[in-house]
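To start, the structure under review is shown below, and the notes come after it.
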Amino acid sequence: MPLPATFDALLFDMDGTLIDSTPCVERIWRQWASEVEIDVEHLMAHMHGVRGVDVIARFAPHRDLQTEFEKLLQRELTDLDGTVVVAGLRERLAELADAPYAIVTSAPRVLAETKFDYCDLTLPAVRVYGEDVALGKPHSDPYLRGAALLGVDPRNCLAFEDAPNGIRSAKAAGMTVIALATSHTREELAQADAVIRDWHALRFVPSPDGRVTVAWEAA
C-alpha cells in the first residue's frame, strides 16, 4: 500500500485494533462453547469481529439467543483482566486531535464504553455499536453508517481492522483497509491493503482542510 496517502476520515474497529482484549474475550467464549457443547476451535476461527448475537445465532441456534447474549455480556463486563491498549495507540490518537474519525465496533454500547473507561481512553464523537445496525460485520452496514455519520464518502475513508470479518465489512463499504496483526496472522489478513504489527508503524498528520494524511513512521 503506497503511503503517505490522505483520507477524508479514519474509522477504527475496537477489539484487537484499539484495545487488545483478545485473552479475556477468548477465555469467556471458550468457556461458553464448552457449556453449550459446541466445537471450541471452530467457534474461535469464526467469531472474531462479529456481533455476539450473530455468533450465538450461528453456533448455538438451539439456545435462547437473549439469555445467552446477556450471560456472555455480563461476563465480558466483569472480566477485563488482560485488556490493554494496543502499542502506540495513544501517540496516534494525540496526533489526530480534532481530525474526523470514528469507532465502528461489533461490541454493544455498554461493553465498548466499559472497555474505553477501563483503558482510560476517550470515545470519539462518532461511534457505531453492534446494536446500531440491522446487519453486522462482515456486512457493509457498520462502516457505511460510520461514514454517513461523519458526512464523508466511504470510498475516501481508511478503516483499521484486526479480523477477516471486519476487513470484509470495510471493503464491502468501499474503504481502504489497514489490518493489525493482533488476533490473526498476516496470512489471514491478506484481504487488507496493508498489515501492521501495532500503531508504532504509522503516523497521522491532520490537514488544514480537515482531512488526515497517513504515513509510514519510517518515511
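Structure summary
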read-out: Pick from the stretch 2-32, criterion assigned to a helix (DSSP H, G or I) and of a type in the set (S, T, N, Q), ranking: farthest from V110 (Cα to Cα); value: Q31
read-out: Options S207, S169, S183: the member that is surrounded by fewer than 19 Cβ atoms within 10 Å (Cβ to Cβ) and touching a residue at least 24 places away in the same chain (Cβ under 8 Å); value: S207
read-out: Selection from the stretch 101-140 of residues that are assigned to a helix (DSSP H, G or I) and in contact (Cβ under 8 Å) with a residue 12 or more places away in the chain; value: R109, V110, L111, A112, T114, K115, F116, Y118, G130, E131, D132
read-out: Among the candidates F160, F116, residue that is among the aromatic types (F, W, Y), modelled with pLDDT of 95 or more and surrounded by 23 or more Cβ atoms within 10 Å (Cβ to Cβ); value: F160
read-out: Candidates I178, I167, filtered to the one that is part of a helix (DSSP H, G or I) and of a type in the set (V, I, T); value: I167
read-out: Members of the stretch 154-172 found to be of a type in the set (K, R) and over 19 Å from A215 (Cα atoms), listed by number; value: R168, K171
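Residues are listed down the side, and each one gets a yes or a no for (1) of a type in the set (A, V, I, L, M, F, W, C); (2) modelled with pLDDT of 90 or more; (3) in contact with a His (Cβ under 6 Å, 6 or more places away or on another chain):
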site	(1), (2), (3)
M14	yes, yes, no
P23	no, no, no
L43	yes, no, no
G49	no, no, no
F59	yes, no, no
F69	yes, no, no
T78	no, no, no
V85	yes, yes, no
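The values are calculated or read from the model by the stated rules, or taken from the named source; none is laboratory data. Treat the numbers as computed from the prediction; the structure is a model and nothing was measured. Here the Cβ is made from the backbone with ideal geometry for all residues, glycine too, and neighbour counts use every protein chain on show.
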